[in-house]
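These notes are about the structure you will find just below.
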2 protein chains.
Amino acid sequence: MVTQESNVFQAIADPTRRAILDRLRGGGQAVNEIAGRFDVSRPAISKHLRVLHEARLVTEERDGRNRIYRLNPEPLRELDRWLDDYRRFWTLNLLNLKKHVESKGKKP
Amino acid sequence: MVTQESNVFQAIADPTRRAILDRLRGGGQAVNEIAGRFDVSRPAISKHLRVLHEARLVTEERDGRNRIYRLNPEPLRELDRWLDDYRRFWTLNLLNLKKHVESKGKKP
DNA sequence: CTCTTGCGTAACCATTGAGTTACCTATTGT
DNA sequence: ACAATAGGTAACTCAATGGTTACGCAAGAG
């Protein structure tokens, strides 16, 4: 089932969250490690991590008093599938689009 | 140059806007045609179209008193490029991630 | 046991965003 | 010229979002 994980789109809409995912490509990190790189407060990062976690884009694992967040790229496949419907358009390099213009703009 | 077209992420974050893009895959349409399919008002659609237009995801062409909006998938390539950095992660099916865990969680 | 550290959460504030209704302009048809 | 139609824009409301500070709690460290 798919539930409502379509909030992936929402999750990646924020540049800070994209930057977090970016950093996490280098491996899992604790919250303070992540927050240290941004000029926003730790609670703000914590909230971003929650959004990412709800979108299943990160996993959370407790390690003593640390919490390690790791990238989970799987939900991005949904994005990839969504893009598929549009990919054909840019591979067909817009010629059919132009054709459509002409077929519609028929001047009498 | 890239200017600040990164609002593509923002533009596709809204489900209504994604639905509009979806419909536009079938060819350009006038605003009323588009708005007719949604249960939101025409001004709302108009604003969505503006956002999409600013993200260059649609083109606007005046045809008499109509305005034809057409899909322009080109900015979605930016998304595709962004995804590229993550695609390797789901093709390398998370094994390197696991490796990273182990190399970090070295217990003495 | 006590102090410190890591982090989530609550409470709050400012900004943004999506939606509405009302109005105005431009173009077409009679 | 005038009525009707297409659609953008202004003004406003309300909810969601991103940020903050203050606090609380669990897990080492001494």
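The values are calculated or read from the model by the stated rules, or taken from the named source; none is laboratory data. In this text, all values refer to a predicted model and were calculated from it rather than measured experimentally. Ideal geometry is used to build each Cβ from the backbone, glycine not excepted, and the neighbour counts take in all protein chains shown. Heavy atoms of the whole protein, side chains included, go into the accessibility calculation; ligands, DNA and RNA do not. Shrake-Rupley method; radii C 1.70, N 1.55, O 1.52, S 1.80 Å.
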Out of A:ASN93, A:ASN7, sole residue that is farther than 20 Å from B:ARG88 by Cα, at pLDDT below 95, under 10 Å from the mean Cα position of the chain (by Cα) and not in a strand (DSSP E or B): A:ASN7
Confirm whether A:ARG23 is more than 13 Å from DNA strand D (Cβ to nearest atom), closer than 14 Å to B:ARG87 by Cα and in a helix (DSSP H, G or I). no
Inside the range A:35-87, the number of residues satisfying the requirement of being assigned to a helix (DSSP H, G or I) and in contact with a strand residue (DSSP E or B) (Cβ under 7 Å, 6 or more places away or on another chain) is 3
Single condition A:ARG17 does not satisfy, out of (1) within 11 Å of DNA strand D (Cβ to nearest atom); (2) basic (Lys, Arg); (3) farther than 27 Å from B:ASN72 by Cβ: (3)
Considering only the range A:36-61, state which residues are under 14 Å from A:ILE12 (Cα atoms), more than 8 Å from DNA strand D (Cβ to nearest atom) and away from chain B (no Cβ under 14 Å). A:LEU49, A:ARG50, A:HIS53, A:GLU54
Cross-chain or 6+ apart pairs with Cβ under 8 Å, the range A:14-35 first and within 8 Å of chain B (Cβ to nearest Cβ) and among the basic types (Lys, Arg), then open to solvent by 10 Å² or more (accessible area, probe 1.4 Å) and part of a helix (DSSP H, G or I): A:ARG18/B:TRP82; A:ARG25/B:ASP85; A:ARG25/B:PHE89
Can you find, within the range A:71-90, the residue that is modelled with the highest pLDDT among those that are touching an Asp or Glu at 6+ places or on another chain (Cβ under 7 Å) and either on the phi > 0 side of the Ramachandran plot or facing another protein chain (nearest Cβ under 7 Å) (or both)? A:LEU83
Inspect the range B:18-28 for any residue being within 12 Å of DNA strand C (Cβ to nearest atom) and open to solvent by 70 Å² or more (accessible area, probe 1.4 Å) and give the result as yes or no. no
Considering the range B:41-73 alone, what residues qualify as being of a type in the set (Lys, Arg), surrounded by 15 or more Cβ atoms within 10 Å (Cβ to Cβ) and within 13 Å of DNA strand C (Cβ to nearest atom)? B:ARG67
